[in-house]
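Here the structure is laid out as structure tokens; the discussion comes afterwards.
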Amino acid sequence: MTVDSRPLTEHTAHSAWLHDDAFAALGSRRVVVAGDGALTGTVAEEVAAATARFGGAFSRLEVGDGVSDAELVLTLSPPLVEPVETPMVSTGSTGAGTADESFRLTREAGAVVVQAASDAGLLHGLFHVVRLGEAAFDGPDADETHAPATDLRMLDHWDNVDVHPVMGQVERGYSGGSIFYDHGYVHADLSRVERYARLLAAVGINRVAINNVNVHTREARLLTEDLGDVVRVAAVFRRWGIRVHLSVSFASPITLGGLDTSDPLDQDVAHWWVRAAARVWDAIPDFGGFVVKADSEGQPGPFAYGRTHADGANMLAAAVEPYDGLIHWRAFVYDHKQDWRDRSTDRARAAYDHFHPLDGAFSDNVVLQVKYGPLDFQVREPLSPVLAAMPHTRVALELQVTQEYTGQQQHAVYLGPQWSQLLGFRFWDASGGEGGSPTVADLATGRGKAVEDPGTGTWRKPAGGFAAVSNVGDDEFWTGHPFAQANLYAYGRLCWDPALDPGALLDEWAALTFPGTPSAVRDALHTVLDRSWETYEQYTSPLGVGFMVRPGHHYGPDVDGYEYTPWGTYHFADRDGIGVDRTVRTGTGYAGQYPAPWSAVYESPSTCPDELLLFFHHVPYTHVLQSGSTVVQHIYDTHFDGVARVEAMIGAWSEVSTLVDPHVSERVSERLAEQLRSATEWRDQVNTYFFRKSGIPDERGRRIY
Ligand code: GCV
């Protein structure tokens, strides 16, 4: 195809967490890079640039050459140091041809050796040293092995090649245009993609799907006649150890191949996919695989032919299997044309109802990609029960870095604490303690303890990994709100190690992004971001009930916006009460999709955690929460408090805003002002709505309209 010759952007992209000064410690040392492999070349280029900038010395040697006076050696095996007694931690390989990405760091009297079995591991080791800064060299003697929790650490882009008439260039994108596409073309200049790939490599991401899961006519052609563009993009990511995936339409044999069916059990259809896969891997030997959104929100799928989702996924899996390819099959399947009058249909039940019966039926190279909650990336939802209900299926946890329902990168909302909480959730233990049962992170990575469930027996899950929707665009700061960079950073780091502390990740991000800034700035960042997820929850929809957003674009409040629509996202507020009865006893039965003890905990309003009460129960406004407050008073209190907290965020930021780059400062201040306006709108609409519905005044007599 032809390429667009217009320049990508008129401005320079922000350095994000790869500020030049973040390389000062490494760049001022005598550094040796030893070994071959393409990514070792990338490591060498990084080191050469840093040492040139900061006055250090760089040499590139063969493995085994003498390195006597080096302060840092980055080398492929065979080892330059004695082997450790304990073997390198296994990554729990998930197949799909991913190299061992682990690395070993030893430090003796200030001399550091990073040693890896693969060049990918060496690249991760390099960025580990960058993150540590001076501490890499100053620390006590050490011998550590670092390995990712999972081989599958993926970002999905919902970018369209063509500008979609409603969703634009990037569906749910809040950061300008696409870094890949511009009005029907792939950018001629992919330098922005190269910078992005470098940023992703520095946080450990190793797979990227480059087009929207809603695959429109134009985007479908990436699989066939426009494959050359994918080849170009893949070449850029390859230099950074990242494999490219494509979202494909299940109807491709019809729309691209001219067949009259895409029935997964039809031989011609299967052959069409075999040939399509052969062409893709012939052009891109390290291609990752396909992502599929089927029978969901209008996307075609196997249901049209009376086939199951296992039939659909396995047919594609067979086509990509010879190349170690993967099929990421999304579990986001529900009826988006339901009748709001019908209270027995519950969208939250849908994924479990569709997929639980298929456990064990999927091929080994199918990864079922499950959104963290049963609805749709709300600020608060319970964990999807599908994660616990498929012992024999590889299940990936899907998160949303792009802030569709969490402030659209106008609001400062640091999602690290939310993800950390989700990853640490234990389906078989409600004590909140360390427990003997696996966490969600264990289920996604296939590591950790085996599950002991009376319903399903004892099992250890095969690894599925992580996927998330990217928040990046061609905006100067990549992410619209400069602080939204912290979300992308935290996502990558949590994929590598789900046990990392989100507060510590914020410090890491800030130190790399704003090196040398006074501690007052870091303190202000914590004041603004540490509790920002909770703050956003306070001034938006209450107690886990969700939505209440403006239909379509999903920004700002509209309490009844989705109440009488076919989308299945209702709050059922009337003059007496609010919430969705999802109990087994009187409701939709959704609570019964959880294993014990959570099925029982969620079933009763007296044990259901306050923050999820309205997700599981319809209760009177006077219902007393575990906190001691009534539901309606809780709504008033949290909404007033949420806005007060945004005011405090603005106060904290204004004290330090002159200490940071004026560019950043100006953008942050502008967004915080919008956050306050929007939070105030949320507060007033939500409080007024419930005051008018219930007739119950605020016990503190604050202004409600
Ligand atoms: C890509 C939500 C979003 C849609 C998105 C969908 C999905 O419904 O609003 O824009 O479509 O999720 O995850 O497929």
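Among the residues of the range 12-33, write down those that are out of contact with any Pro (no Cβ under 7 Å at 6 or more places or on another chain) and closer than 20 Å to Ala57 by Cα. Passing the criteria: Asp20, Phe23, Ala24, Ala25, Leu26, Gly27, Ser28, Arg29, Arg30, Val31, Val32, Val33. Remark: pairs (first residue in the range 592-606, free of Cβ contacts under 8 Å to residues at least 24 places away in the same chain and within 16 Å of Gly579 (Cβ to Cβ); second residue among the aliphatic types (A, V, I, L, M) and assigned to a helix (DSSP H, G or I); Cβ separation under 6 Å; 6+ apart in sequence or on different chains) = Glu603/Ala591. Scanning the range 153-184 for residues that are within 15 Å of the ligand (Cβ to nearest atom), of a type in the set (Val, Ile, Thr) and not in a strand (DSSP E or B) yields a single hit, Val166. Looking at the range 587-661, what helices (runs of 4 or more DSSP H) fall wholly within it and have at least 1 residues that are in contact with a strand residue (DSSP E or B) (Cβ under 8 Å, 6 or more places away or on another chain)? Filter on the range 587-661 gives 613-616, 631-656. Here Leu625 does not fit the description of being touching a Phe, Trp or Tyr at 6+ places or on another chain (Cβ under 8 Å) and either at negative phi or polar (S, T, N, Q) (or both). If I go through the range 372-384 residue by residue, how many of them are away from the ligand (no atom under 13 Å from the Cβ), closer than 23 Å to Arg550 by Cβ and of a type in the set (A, V, I, L, M, F, W, C)? Residues that pass the stated criteria total 1. In the range 211-232, the residues that are among the small types (Gly, Ala, Ser) reach residues that are within 16 Å of the ligand (Cβ to nearest atom) with C-beta atoms within less than 7 angstrom, at least six apart or across chains, in these pairs: Ala220/Ser249. With the condition kept exactly as written, say whether any residue in the range 485-505 is more than 19 Å from the chain's Cα centre (by Cα) and either without any contact (Cβ under 8 Å) to a residue 60 or more places away in the chain or outside any loop (DSSP other than H, G, I, E, B) (or both). The answer is no; no qualifying residue exists.
Go through the residues of the range 361-371 one by one and say whether even a single one is away from the ligand (no atom under 16 Å from the Cβ), basic (Lys, Arg) and either assigned to a loop (DSSP other than H, G, I, E, B) or in contact (Cβ under 8 Å) with a residue 12 or more places away in the chain (or both). No, the range 361-371 contains no residue that is away from the ligand (no atom under 16 Å from the Cβ), basic (Lys, Arg) and either assigned to a loop (DSSP other than H, G, I, E, B) or in contact (Cβ under 8 Å) with a residue 12 or more places away in the chain (or both). Residues in the range 268-283 include none that are in a loop (DSSP other than H, G, I, E, B) and either within 16 Å of the ligand (Cβ to nearest atom) or not aromatic (Phe, Trp, Tyr) (or both).
Only a single item in (1) crowded, with 20+ Cβ neighbours inside 10 Å; (2) within 16 Å of the ligand (Cβ to nearest atom) is not met by Asp335, and it is number (1). Scanning the range 444-454 for residues that are in contact with a strand residue (DSSP E or B) (Cβ under 7 Å, 6 or more places away or on another chain) and surrounded by 23 or more Cβ atoms within 10 Å (Cβ to Cβ) yields a single hit, Ala444. Among the residues of the range 313-352, the ones that are within 27 Å of the chain's Cα centre (by Cα) and hydroxyl-bearing (Ser, Thr, Tyr) come to 3 in all.
Rule-based calculations on the coordinates, nothing more; no lab input. Quick caveat, the model's predicted, so the values are computed rather than measured. Cβ atoms come from the backbone with ideal geometry, glycine included; neighbour counts cover every protein chain shown.
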